[in-house]
Amino acid sequence: MRKYFILLFSICAVISCIEPFEFQTETFQNALVIEASLTNEMKQHQVKLSRAVRFEDSISAPERNAQVRILDEFQNVFEFQETQPGTYNSSIEFAAQKSARYTLVVETTDGTRYSSQPESFESESQVEEVYAKRETNDVGEDGIFIYANSFDSSGESQYYRYEYEETYKIIAPNWTPLDFQLTNYEPCNPDPNDPSIMYDLDLVRREQEEQTCYNTVMSQDINLISSAGFSESIISDFPVRFIPGSDFILTHRYSILVKQYVQSADAFSYYQSLDDFTSSGSVFTDIQPGFLEGNISVENNSEKTVLGYFEVASVSEKRIFFEYRDFYPDAPFPLYINKCLLLSTPVDHISYCFSGPNGNTCPESLVERLARDNGVTFVSEGNDTIGATCPGEYVFVERECGDCTVLGSNVVPDFWVD
């Protein structure tokens, strides 16, 4: 949610305009941004604190060393500890109880105290089905839609927000059991008359899994739907995610965990307004920029401002897996994220300190690339057909083509099923 707060706060400092212009923040308030959601899941809950940044800045500033806690109406206090800069996890696992009221309290190092209104959740609804279907989207693009169905017989659940975590398998297309090991590299010979350099380059067996990996990505969009006004609380065929059929994340095996949050009317309204504020189509036309007020306020400093909403909600989730061939039985697999061209250059280069004539016109040498960022991996012994006018002893590829850990983790997720 942080990207929405950053964009929103930047918009608030800009006068509405329909002509293209370069954004620069004219006025700026160092507002605290709070991301906090408490659910009925038994787990360590998390609160994220940061400072709003100017529109032209891309990196948010985490709020360090704050005191964070959640209080319930029964005088229970749940303390949070900072586990990463700006990220605070509850010291114990706990779950929000239906109808119980909870208050978030944050105190920053300058003594400013922020607190939310008491919040609770009053209804629960289970995700009945999550399924994938090959279809064409509104712009004619072929791909896979992920849909969710839900039903609450009590009719109490009316406001829903959806998130997802998608995980996909990555197989490095040019993986081999061997890889380069560069040691003792000295690119500058102290003798200015000696063009040679020092290095040891060996082919060694890989010590860790680098052929098959998994990457998990969290959703970034705000997905909302309401059943208010209907006689039954039914969510049918709600599109949570669309994946173009050409996306390489579908190539091998794909899984998505869909999370359904049953929200209060106030929380739904806040997220809806946040989504409207950050929609490029409406920010400069339908909506006049302004400060989006949440349910968190500053207790002891009228000059401070805060962005965010403390949400208490029930959550239900369901995971599915599928293969590319389930929907594209005869189509070619999507292209890998890198073209993975076979490369070859001379292994070494002339000393950087050589004072004599240097007629080298070849690309960066293999040892230079390995020393700079270890950005290539071994494929095979060299040949004259690869490397154009400067072939070398080895054929190699950019690292993500032969080492999947560049794109994901080599640890198989606990939930993964092949």
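The values are calculated or read from the model by the stated rules, or taken from the named source; none is laboratory data. Please read these numbers as outputs of a predicted model, since none were measured by experiment. Backbone-built Cβ (ideal geometry, glycine too); neighbour counts: all protein chains shown. Note: accessible area is taken over every heavy atom of the protein model, side chains too, but ligands, DNA and RNA are not part of it. Shrake-Rupley method; radii C 1.70, N 1.55, O 1.52, S 1.80 Å.
Residues considered: ASP152, ASP202, ASP191. Largest GNM mean-square fluctuation over the chain, using C-alpha springs under 10 Å, is found at ASP191.
Just the protein heavy atoms count here, and of the accessible area of the range 358-404 at 1.4 Å, carbon and sulfur take up 44 percent. Annotation: extensible slack from GLU209 through SER153 equals 15.3 nm (criterion: 0.36 nm per residue apart, minus Cα-Cα distance). For SER91, the solvent-accessible surface with a 1.4 Å probe is about 60 Å², rounded to the nearest 10.
Under the convention that each Lys and Arg Cβ holds +1 and each Asp and Glu Cβ holds -1, the size of the dipole of the range 195-252 around its Cα centre is about 120 debye. Among complete DSSP H helices in the chain, none has alpha-carbon atoms stretching at least 24 Å along the helix's long axis together with a mean Kyte-Doolittle hydropathy reaching 1.6. Apolar share of the accessible surface for the range 135-290: 45 percent from carbon plus sulfur atoms, 1.4 Å probe. A simple charge model with +1 on the Cβ of Lys and Arg, -1 on the Cβ of Asp and Glu and nothing else charged puts the dipole of the range 139-208 at about 220 debye relative to its Cα centre. Approximating the spin labels as points 7 Å out from Cα along Cα→Cβ, the ASP330-to-CYS390 distance works out to 4.6 nm. Between the residues GLN220, TYR159, TYR185, the greatest Cα displacement towards the positive end of the dipole of the range 144-234, with unit charges on the Cβ of Lys, Arg, Asp and Glu, is found for TYR159. A 1.4 Å probe run over the range 103-224, with the rest of the protein chains in place, finds 51 Å² accessible per residue. So if the hydrodynamic radius of the range 136-227 is defined as the Kirkwood radius over C-alpha pairs, what does Stokes-Einstein give as its diffusion coefficient at 25 °C and 0.890 mPa s, in µm² per second? Once the numbers are plugged in, D ends up at 123 µm²/s.
Remark: the chain carries a charge dipole of roughly 420 debye about the Cα centre, counting +1 on each Lys and Arg Cβ and -1 on each Asp and Glu Cβ. Across the range 312-418, Cα-Cα pairs farther apart than 23 Å form 53% of the total.
Our Cα-only numbers for the chain put the radius of gyration and Dmax at 27.2, 89 Å.
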